[in-house]
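Just below is one structure, and these are the notes that go with it.
The values are calculated or read from the model by the stated rules, or taken from the named source; none is laboratory data. Note that the coordinates shown come from a computational prediction; the quantities given were computed from them, not determined experimentally. Every residue, glycine among them, receives a Cβ derived from its backbone with ideal geometry; neighbour counts consider all protein chains shown.
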């Protein structure tokens, strides 16, 4: 068994060494909202602008295909417009999307799974005395720390490494610890980034 594992590990190293790998950075605008079964909430909700920033690795499989894992810090949440004022529900998450991309003449398109880890959350009310920090855990009334989603993206990369992209990320798992309530974040992102020269 140890010999088989050693051979598999050596083969994995050889494949990685042969792959054309580049690294880069990206950042941009998020437009975020929430899917929920609360009718009053749905009536009041408005898209919330936020941000994302992070790193990208692009692992070439062939001239046309690559695997592109990313590590991003993202703002999520939603705005609520009611009673003549607006409240904001803000989340900060670390997201790890792994995209499988098809490339042709600078254009790319693809998608894949996303692992989201909620770092913090807060209700920012019009009345500051009503501001509330959210709690995370497995108990009822708390938000879940980890969620799973799906990401699709498309874009264009220039020959100098500069790229532009758009993506949609939708959660597949419920954020709340309840069988009756539903809360799933989703976002549309616009990014600009730069890929450094690979080996």
Report yes if some residue within segment 157-176 is surrounded by 15 or more Cβ atoms within 10 Å (Cβ to Cβ), over 20 Å from residue 51 (Cβ atoms), in contact with a strand residue (DSSP E or B) (Cβ under 9 Å, 6 or more places away or on another chain) and at pLDDT 95 or above; otherwise report no. yes
Among the residues of segment 35-56, is any farther than 23 Å from residue 93 by Cα, modelled with pLDDT under 90, touching a strand residue (DSSP E or B) at 6+ places or on another chain (Cβ under 8 Å) and surrounded by 12 or more Cβ atoms within 10 Å (Cβ to Cβ)? yes
Filter result (part of a strand (DSSP E or B) and over 18 Å from residue 110 (Cα atoms)) within segment 144-199: 146, 147, 162, 176, 183, 184, 185, 194
Subset of segment 102-121 [closer than 30 Å to residue 63 by Cβ and part of a strand (DSSP E or B)]: 102, 103, 104, 107, 108, 109, 110, 111, 112, 113, 114, 115
Within segment 61-76, residues in contact with a strand residue (DSSP E or B) (Cβ under 9 Å, 6 or more places away or on another chain) and surrounded by fewer than 18 Cβ atoms within 10 Å (Cβ to Cβ) come out as 61, 63, 64, 65, 67, 69, 71, 73
Looking at this structure, is residue 80 out of contact with any helix residue (DSSP H, G or I) (no Cβ under 6 Å at 6 or more places or on another chain) and part of a strand (DSSP E or B)? no
Give 118, 42 a once-over and let me know the one that is farther than 18 Å from residue 24 by Cβ and free of Cβ contacts under 8 Å to residues at least 12 places away in the same chain. 42
Residue hits (segment 122-143; outside any loop (DSSP other than H, G, I, E, B), surrounded by 10 or more Cβ atoms within 10 Å (Cβ to Cβ) and touching a strand residue (DSSP E or B) at 6+ places or on another chain (Cβ under 7 Å)) are 122, 123, 124, 132, 136, 143
